[in-house]
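Engineer: First the structure, which I've put down as structure tokens, then a few questions once you've had a look.
Taken together, the values in this text are just the output of simple stated rules run on the coordinates, not laboratory data. Quick caveat, the model's predicted, so the values are computed rather than measured. For neighbour counting, all protein chains shown are included, and Cβ atoms are generated from backbone atoms with ideal geometry for every residue, glycine included.
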Amino acid sequence: MALIANSAPRSSKTESYVDNKRKEDIRHANIKSACAVADAVRTSLGPKGMDKMISTANGEVIITNDGATILNKMEVLQPAAKMLVELSKSQDAAAGDGTTTVVVIAGSLLKQCLTLLSSGIHPTVISDSLHKASIKAVDVLTAMAVPLELTDRESLVKSASTSLNSKVVSQYSSLLAPLAVDAVLSVVDPEKPDLVDLRDIKIVKKLGGTVDDTEMVRGLVFDKKVSHAAGGPTRVENAKIAVIQFQISPPKTDIEQSIVVSDYAQMDRILKEERNYILGMIKKIRATGCNVLLIQKSILRDAVTDLSLHYLAKAKILVIKDVERDEIEFITKTLNCLPIANIEHFKEEKLGYADLVEEVSLGDGRLSRLLGLRIWEEYLCACGGAPEIDVKTAWSMAKVLHGMEGYCVKAFAEALEVIPYTLAENAGLNPITIVTELRNRHAQGEINAGINVRKGQITNILEENVVQPLLVSTSAITLAAECVRMLLKIDDIVTVR
């Protein structure tokens, strides 16, 4: 009877069967899987990090060292490992950079948690301690940061250059960084600087040419040619622009019908009516002073016929047709105009304005551009492992905490050293020597001392202009800690159909 009782425990509302060994195995398996993902991208951290070659199922080959791209392309099956992929996406959405850093920090924290778990510390105690330590870390980083304003373009460019220096296009950072900064500054609202909508910045790619051909256009660019039918204009100054969502073509019935034409006179009458109909539309358009038409693409029939293009050319109206529907909102917002859905609603107050609309050659094709369309408080902090080492002040916090909490916070501080250690390792330096010297420099009060991978030594990173937004560092630590806390709370995996 004892054997039966052991193999099939009695069910009760106040008792439950707990298999501690199973929960421990699942927790360890989750941590090991997540650490494997972190180790896969660890070597790509920093400006001297290695690149990864990704081969997709359709034969495409991608070479990158961007953590978000690498993880997004990886076929990760284990649920816990997938959480690190989502962690990288969250960091990318929150700060736009630090996607590799956040995963590496999470992996290091998980390794420390594995040691703490094997020491018999309860997962909840570890989780709560990590939360307290991450809050303290954010306070430390905020204290070492320097304020930044939108008017300080030079500092913004330095921050953008730091982010680009770890990408494949690092050799073009001096060109791309100012372009990126100017693009954001051109769309930001000084009264609401924290509500920058990056969808207001459009990136147009064109085959041919080099990265050196990249330029920022303060206006609109279409990857479409201006219509050349009937010798219409390809350049218009002082443009009045209309965005239309109706067809400039003869009307058709809503249902399929056949019209039988018995003689040539009837045919001539039909063609004449079509010409008069189109001509009437174009006269209404021209009466408003409009000289540029952006015509939305139609899936039912041609948005504009050859006859319409002929009359538009005669009226000296520049035409860009087949504009995608999902671009209409962006175009109207940029031009500060309204889309026009019916010729009867075609009024001058719905038009947009530009100094110049022209067609230009780029790469192996042509595109159209519209030119001449009509501060916030942020912080920067040093890079090069300086923020992570400075968070070692959490050691002093650990001294005032009692029992296991202090032990866990100490492990949290040690885990952050993975960033300077990896930066030195990827740069071909001695990581133990570099990290030890970095600790000493920070202990002496040099909070901006960091690893200069180009010089191969420790310097004042702030003076070297190697800076990044404070948000990148704080969000990386906060998100990594939250991800680790979630993984620690998981003690079982349930598969459902």
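Engineer: Quick one: if you stick a label point 7 Å off each Cα along the C-beta vector at Asp212 and Ile63, how many nm between them?
Structural biologist: That separation, rounded to one decimal, is 2.0 nm.
Engineer: Computed from the mean reciprocal separation of all distinct C-alpha pairs, what Kirkwood hydrodynamic radius does the chain have, in Å?
Structural biologist: That comes to 27.4 Å for the chain.
Engineer: Positive end of the charge dipole of region 224-371 (Lys, Arg +1 and Asp, Glu -1 on Cβ, about the Cα centre): tell me which of Ala315, Leu338, Ile282 has its Cα farthest that way.
Structural biologist: Ala315
Engineer: Largest first, please: the extent of the C-alpha atoms of region 224-371 along each principal axis, to the nearest Å.
Structural biologist: Rounded to whole Å, the extents work out to 52, 31, 28 Å.
Engineer: Still on this structure, please answer the following. If you scale each eigenvalue of the Cα gyration tensor by 5 and take the root, what three semi-axes come out for region 44-152, rounded to whole angstrom and sorted largest first?
Structural biologist: After scaling each eigenvalue by five and taking roots: 28, 24, 11 Å.
Engineer: What does DSSP give for the chain in terms of the percent of beta bridges that are antiparallel, rounded to the nearest 5?
Structural biologist: Around 75 percent of the beta bridges assigned by DSSP in the chain are antiparallel ones.
Engineer: On to the next question. Which listed residue (Val76, Asn452, Leu367) has the Cα farthest towards the positive end of the charge dipole for the chain, taking +1 on Lys and Arg C-beta and -1 on Asp and Glu C-beta about the Cα centre?
Structural biologist: Val76
Engineer: Put +1 on the Cβ of every Lys and Arg and -1 on every Asp and Glu Cβ in the chain; which of Ala183, Thr305, Ser90 then has its Cα farthest towards the positive end of the dipole?
Structural biologist: The residue sitting most towards the positive pole is Thr305.
Engineer: Between rounded, prolate and oblate, where does region 379-482 land on the alpha carbon gyration tensor, with a ≥ b ≥ c its root eigenvalues, rounded for a/c under 1.5, else prolate if a/b exceeds b/c?
Structural biologist: Taking the square roots of the gyration eigenvalues as a ≥ b ≥ c, region 379-482 is prolate.
Engineer: Between His122 and Ala93, what's the calculated FRET efficiency when r is the beta-carbon distance and R0 is 51 Å? Round to 0.05.
Structural biologist: The pair His122/Ala93 has a calculated efficiency of 0.95.
Engineer: At a Förster distance of 30 Å, what's the computed FRET efficiency of Lys272 paired with Arg366, Cβ-Cβ distance as r, to 0.05?
Structural biologist: Rounded to the nearest 0.05, the efficiency is 0.25.
Engineer: What order, most packed first, do the peptides 123-131, 325-333, 32-40, 467-475 have when packing is the mean number of other Cβ atoms within 10 Å of each residue?
Structural biologist: In descending order of packing, they fall as 467-475, 32-40, 123-131, 325-333.
Engineer: Here is the link list: Lys272/Lys321; Lys240/Lys314; Lys252/Lys314; Lys205/Lys252. Which ones come out longer than 27 Å on Cα distance?
Structural biologist: Check vs 27 Å cut-off fails for Lys205/Lys252.
Engineer: Put a dot 7 Å past each Cα toward the Cβ at Thr151 and Lys314; how far apart are the dots in nm?
Structural biologist: The answer from the label model is 5.7 nm.
Engineer: How far, in nm, would the chain grow between Ala29 and Ser55 when pulled straight, counting 0.36 nm per residue and subtracting the alpha carbon separation?
Structural biologist: Contour length minus the Cα-Cα distance gives 6.6 nm.
Engineer: Another question, then. Subtract the Cα-Cα distance of Glu358 and Asn238 from 0.36 nm times their separation in residues, and report this length gain in nm to one decimal.
Structural biologist: That works out to 42.1 nm of additional length.
Engineer: Using R₀ = 41 Å, calculate the FRET efficiency as 1/(1 + (r/R₀)^6) where r is the Cβ-Cβ separation of Thr433 and Glu327; round to 0.05.
Structural biologist: 0.15
Engineer: Can I ask one more? Would you calculate, for the chain, the mean residue ellipticity at 222 nm contributed by helices, counting each DSSP H stretch of 4 or more residues as -39,500 (n - 2.57) and dividing by all residues, to the nearest 500?
Structural biologist: Calculated at 222 nm, the ellipticity per residue is -15000 deg cm²/dmol.
Engineer: Order 305-314, 52-61 from most to least packed using the mean count of other Cβ atoms within 10 Å.
Structural biologist: Sorting 305-314, 52-61 by mean packing, highest first, produces 305-314, 52-61.
Engineer: How long are the semi-axes of the equivalent ellipsoid of region 295-342, taking √(5λ) for every eigenvalue λ of the Cα gyration tensor, in whole Å from largest down?
Structural biologist: With the √(5λ) rule applied to region 295-342, the semi-axes are 21, 14, 8 Å.
Engineer: Another question, then. At what distance in nm do the modelled label points of Asp263 and His228 sit from each other, each positioned 7 Å from its Cα along Cα→Cβ?
Structural biologist: Placing both labels 7 Å along Cα→Cβ, they lie 4.4 nm apart.
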